[in-house]
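J.: I'd like to ask some things about the structure below.
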Amino acid sequence: MGEHRIQLSDVAVRYDNGCEALRGVSLEFTPGEKVCLVGENGAGKSTIFSLLVGLVKPSSGTYLFDGSKVSGSKMLKTVRKEIGLVFQEPEVQLVANTVFDEVSYGAINLGYSDDEVAHRVMGALEKTGTSPLAQQAVHRLSGGQKKRVTISDVLVCDPSFVLMDEPNASLDPERVSEVLGIADTLAENGVGVIVSTHDVDFALEFANRIIILSKGRVCFDGEPHDAFRNRELLRSAGLREPFVVEFARRYAEEVLGYEDDTISACDIDGLLEWIVKTR
Ligand code: ADP
């Protein structure tokens, strides 16, 4: 996998109805990152994804992929091969009768031979643990199985980035863990995984980089613990503290008598270590 890079510089997106969904957005993404785009409803998360896969265009600013401006059919084709979007609702994405046919679409579009398509489909199903479902009817799958098949849908193109729109929105916790496991493995193998969510607990568990969006602007881009212990930032973006951070802060304030919230507690291990150290 080459060193593909996504670069947005001072991008604005204005929809036909005049809604300015993104303003002054400058972001870079590289393969292998696990990023969460976090923001309340309407913050602009889906618009960033639509922009990255070329479904909407910047009204100002520039979008570069691998250093080339994303405009024109050749670059759009590159971007759609290299950046796979997994929609929030599997039903929006799934179109074929069987799982095999469903996942084969992307590879057929790239012009591979029948043998190569079959090889790629089975590889993409393997990565999401859905190989045994290859000949099953899509409409008979459970919600979690459908979600994993939609991930295979994009993996069949061997993308360097996978975007997941609110993957935890309609899944139970066990199915969310499955999706997180797949995303972790993808990132370990050098794929950039960018996940949108308004769920701060989910973001804290998953990401090693947090981007907070508010009203179409990036108001934070950095380490999860810097994002999630900044109550002012969270409040201004319409987000709450993750549960473990709130627990640690309240423990410090109410049990240990701390007057400020200078606690770096972004995971249970860190929290326990901190409590033991400060007792
Ligand atoms: P999020 O994914 O964070 O909920 P969106 O990117 O969907 O945010 O929306 C950002 C803003 O753009 C919202 O004000 C929304 O109403 C508006 N918007 C989104 N899609 C469209 C569209 N197709 N046409 C007009 N306005 C839109």
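The values are calculated or read from the model by the stated rules, or taken from the named source; none is laboratory data. Here the structure is a predicted model, which is why all the values come from computation and not from measurement. Don't worry about glycine lacking a Cβ; one is built from the backbone with ideal geometry, like all the others, and counts go over all protein chains shown.
J.: Which residues, counting only those in region 1-15, are at pLDDT 95 or above and farther than 17 Å from Leu85 by Cβ?
T.: Gln7, Ser9, Asp10, Val11, Ala12, Arg14, Tyr15 - these are the residues of region 1-15 that are at pLDDT 95 or above and farther than 17 Å from Leu85 by Cβ.
J.: Right, something else. Within 20 Å of Gly129 (Cβ to Cβ), in contact (Cβ under 8 Å) with a residue 24 or more places away in the chain, among the acidic types (Asp, Glu) and surrounded by fewer than 20 Cβ atoms within 10 Å (Cβ to Cβ), is that true of Asp201?
T.: Here the answer is no, as Asp201 does not meet what is asked.
J.: Does Ile6 qualify as being within 17 Å of Pro167 (Cβ to Cβ), β-branched (Val, Ile, Thr) and buried (at least 20 other Cβ atoms within 10 Å of the Cβ)? Give the derivation first.
T.: Numbers: within 17 Å of Pro167 (Cβ to Cβ): no; β-branched (Val, Ile, Thr): yes; buried (at least 20 other Cβ atoms within 10 Å of the Cβ): yes.
Against the criterion (within 17 Å of Pro167 (Cβ to Cβ), β-branched (Val, Ile, Thr) and buried (at least 20 other Cβ atoms within 10 Å of the Cβ)), Ile6 does not qualify.
J.: Within region 208-256, considering only helices (runs of 4 or more DSSP H) that don't extend past its boundaries, which have at least 2 residues that are aromatic (Phe, Trp, Tyr) and on the phi < 0 side of the Ramachandran plot?
T.: 243-250
J.: Spot the failing condition for Asp184; the list is (1) away from the ligand (no atom under 16 Å from the Cβ); (2) more than 28 Å from Ser59 (Cβ to Cβ); (3) crowded, with 23+ Cβ neighbours inside 10 Å, and only one is missed.
T.: Condition not satisfied by Asp184: (3).
J.: Return yes when Leu163 is at pLDDT 95 or above and either out of contact with any helix residue (DSSP H, G or I) (no Cβ under 8 Å at 6 or more places or on another chain) or more than 16 Å from the ligand (Cβ to nearest atom) (or both) and no when it is not.
T.: So Leu163 does not fit the description; no.
J.: Please work out if Glu40 is of a type in the set (D, E, K, R), over 17 Å from Gln7 (Cβ atoms) and in contact with a strand residue (DSSP E or B) (Cβ under 9 Å, 6 or more places away or on another chain).
T.: On the way: of a type in the set (D, E, K, R): yes; over 17 Å from Gln7 (Cβ atoms): yes; in contact with a strand residue (DSSP E or B) (Cβ under 9 Å, 6 or more places away or on another chain): yes.
Yes; evaluated as a whole, the condition is true for this residue.
J.: To continue, here is another question. Kindly indicate which of Val11, Val70 is free of Cβ contacts under 8 Å to residues at least 24 places away in the same chain and buried (at least 21 other Cβ atoms within 10 Å of the Cβ).
T.: Numbers: Val11 fails: free of Cβ contacts under 8 Å to residues at least 24 places away in the same chain.
Of the residues listed, the single one that is free of Cβ contacts under 8 Å to residues at least 24 places away in the same chain and buried (at least 21 other Cβ atoms within 10 Å of the Cβ) is Val70.
J.: How many of the residues making up region 72-95 are within 18 Å of Lys57 (Cα to Cα) and touching a strand residue (DSSP E or B) at 6+ places or on another chain (Cβ under 7 Å)?
T.: Of the residues in that region, 7 qualify.
J.: Pick from Ser236, Ser264: which is surrounded by fewer than 18 Cβ atoms within 10 Å (Cβ to Cβ), of a type in the set (Gly, Ala, Ser) and modelled with pLDDT under 90?
T.: Just one listed residue meets the conditions, Ser264.
J.: What pairs come out if I take residues in region 27-41 that are at negative phi and pair them with residues that are acidic (Asp, Glu) and surrounded by fewer than 18 Cβ atoms within 10 Å (Cβ to Cβ) whose C-beta lies under 8 Å away, six or more apart or interchain?
T.: Leu27/Asp221; Thr30/Glu3; Pro31/Glu3; Lys34/Asp184
J.: Are there any strands (runs of 3 or more DSSP E) wholly within region 13-104 with 1 or more residues that are closer than 14 Å to Ser160 by Cβ and within 14 Å of the ligand (Cβ to nearest atom), and if so which?
T.: Those strands (runs of 3 or more DSSP E) span 83-86.
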